[in-house]
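In what follows, a single structure is set out as C-alpha cells and then discussed.
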Amino acid sequence: MPKRSRSKAWLIVVLLVLLAAIGSVSYLGWRQSVRGVVSVTTPPRFVGHKTAFVFTLEAARGNVARVEIRIVQGGSSSVVAKQEGTFGQRVEVPFVLESATLGLREGSASLEVWARDDFWRPLRPHERAIASYPVTVDLTPPKIELLGATRYLSQGGSGLVAFRVTGASRTTVSAGKLVEPSFAWGPPERGTRVALIALPWDLPPGTALTITAEDEAGNVASRGIPSELRPRRFPRDSIELKDAFLEAKVPELLPQRQPSQPLVDSFLIINRDLRRQAEETKRRIGATTADQPLWEGPLVPPRKTKVFANFAETRTYRYAGRDIDTQVHYGYDLASTKQSPVTAANRGVVAFADPLTIYGNTVILDHGLGLQTLYAHLSSMEVKVGDEVAKGQELGRTGASGLALGDHLHFEVLVHGVSVTPIEWWDARWIRDHITKPLLDAGLSEIGSREEPGGRAPARNAQRPTP
C-alpha cells in the first residue's frame, strides 16, 4: 500500500476514535447534567395542630424513586412522610402533619423535600434537599364571639346570626350538613360578620346551628348558635296527570325523547332528573350573591294574586289511577289575569334570566347576602343578567312555560340557593324581629326595614289551575 494511502487510513481511524470518545464523553456529560426531581408544589405558609398537605414531585427523566418529607425546627429534624419504589415520572405525596406528635412549638420552621429519581448517571450525587419551604407553626385556633342571633326559627324558614371572629381565613355557618357563607359587616378592624341562615323545610328538629372558623394553618374553632327550631306542618296534594298535559309539555321539555318512549316515562325524566338539575342551578346561582345587602324593607308580594299552591307542598303524581312519583313544590303558585306584569319584590341585580328546565322562562334576582327571589313560568322576560332593578320594576309577564299548563307565576324566596317560605320575607314585623333585632343586639347597623304600603301577602288556597 502506498505511504500516502496508509497515512490517510490512519487519519480516518484516529478521527473515528476521537469522534467516539467525544460522543461518549458528551453522552455521559448529558446524562450527568439531566435535572433531578423537582417539587412543583405551591409552598404552604402555616402549620397547625393537624395539617394536611400534598406535595407534587416530578422527574425530568426516568421515575421518581424515593421521597422523604422532613420538618425542621430549632435544629431538630423529623421525617413526616417517606416513600420508596418506582412511582412514575410525576407523583403526589399526601401526608398529615401532627404538631403535638412531632413536638413542634409555635414559631418558624421549614419543610424540606428530599427526593431522587432512577435515571442512570455516571456519578450519583450526594442526596440533598431539593426544596425547602419556610413555614410558621401556628397552634392558636381562631376566636369566635357570638354577638346576636335569631332565637326562634322554623323549618323552611330563615334567620340571621352576627358574630366577631379573629385569626380566621374562612368562616361559615352550618345547619346540619348545610354549610352557608358569612360576610364581613362594618369596619374591617372590628372583625364582625353576619350570615343569613336557611333552614330546609325537612330539617330535623334539634339540628345544631354552628359557626365554624378556620385559619390558614388548618386550626378550627366552632361555636353553637343558641336557637329553638320549631316544626312546621306542610300541605300535601295529589295531582292527576292527563294525556293532554303530557302531550303538550313532554315535547317542550324533552325534545330529545324517542317517539317510541311512553309519554309517562318521559314525564318522570322531566319531573325527576330535570327538576334535580334545576335545584342544582339554584344552588350554584345562590353562591354568586353580593357581599352586601341590596334590598330594603320586606319583599313586596305580587299584587292582585291568589295562591294556588303552597310552599313545601308534597305532591303525589298519579297517572291512570296509580301513584307514579312524589316531589316537593318549593314556592308559591300565584295566579291573576293572563300575562300579568311580574314585578321585582325588592331592589337587586339580575343573576339569572333564561329557561330553567321545569321552571320554564325564569328570572332570579340577587338581593345580596345570599337572599334571592325566583320568578318562573314567564311568557316573556324584560331583563338580562347584570341588570340592576328597582323594587316594583317589571321583569316580564306571567305565562305557562316549563312544567305548567295554566298561566301563573311560580315565586320563590331563596337563601344561599335553598328555598324558604316567602311568608316570612313578606312580613315587615318578622323582618324586624328576626333580621333587624339580631343586628341591633350586636351593636351593628341595620338593613333598611321600612314597611311598604300594601305589603300584604296574597289571598291563599284558591283553586289550582295547573299541575
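Read the figures in this text as sums done on the coordinates, not as results from a lab. Values in this document were obtained by computation on a predicted structure and should not be read as measured data. Note that each Cβ is placed from the backbone with ideal geometry, even for glycine, and that neighbours are counted across all protein chains shown.
General observations
- Exceeding the 22 Å Cα-Cα cut-off - candidates LYS177/LYS384; LYS249/LYS338; LYS177/LYS282; LYS304/LYS384; LYS177/LYS437; LYS282/LYS384: LYS177/LYS384; LYS304/LYS384; LYS177/LYS437
- Dipole-positive endmost among VAL264, VAL220, LEU254 within segment 187-293 (Cβ charges, Cα centre): VAL264
- Where the Cα pairs of the chain fall when distances are cut into 10 Å bins, in %: 4, 16, 19, 16, 13, 12, 9, 4, 3, 2, 1, 0, 0
- Normalising the average separation of contacting C-alpha pairs (under 8 angstrom, six or more residues apart) by the number of residues puts the relative contact order of segment 143-230 at 36 percent.
- Ordering of 195-202, 57-64 by burial proxy (mean other Cβ atoms within 10 Å per residue, highest first): 195-202, 57-64
- Our estimate of slack between LEU102 and LYS143, defined as 0.36 nm per intervening residue step minus the Cα-Cα distance, is 12.3 nm.
- Using alpha-carbon coordinates, inclination of helix 275-286 to the longest axis of the chain, degrees: 80 degrees
- Assigned charges on the beta-carbon of Lys, Arg, Asp, Glu; the chain dipole about Cα centre (debye): 1700 debye
- Take 351-364, 90-103 and order them by the average number of nearby Cβ atoms within 10 Å per residue, most first; the result is 351-364, 90-103.
- Of LEU97, LEU28, VAL54, farthest towards positive along the dipole that unit charges on Lys, Arg, Asp, Glu beta carbons give the chain: LEU28
- Using R0 = 25 Å, the C-beta based FRET efficiency linking PHE119 and VAL54 works out to 0.55.
- Charge dipole magnitude, Cβ of K and R +1, D and E -1 - segment 236-441, Cα centre, debye nearest 20: 260 debye
- Projected label points at VAL79 and SER238, each 7 Å from Cα along the beta carbon direction, are separated by 7.1 nanometres.
- Principal-axis tilt of helix 3-33 within the chain, Cα atoms, nearest 10 degrees: 40 degrees
- For peptides 82-88, 35-41, sequence by mean Cβ density within 10 Å, most packed first: 35-41, 82-88
- Hypothetical label at SER445: residues of segment 364-396 whose amide nitrogen lies under 17 Å (7 Å Cα-Cβ projection): 368-369
- Here the dipole of segment 143-230 is about 180 debye; that uses its Cα centre as origin and unit charges on the Cβ of Lys and Arg (positive) and Asp and Glu (negative).
- Relative contact order of segment 37-137: 35 percent, from C-alpha pairs under 8 Å at least 6 residues apart in sequence.
- The chain: relative contact order in percent, alpha carbon pairs under 8 Å with at least 6 residues between: 13 percent
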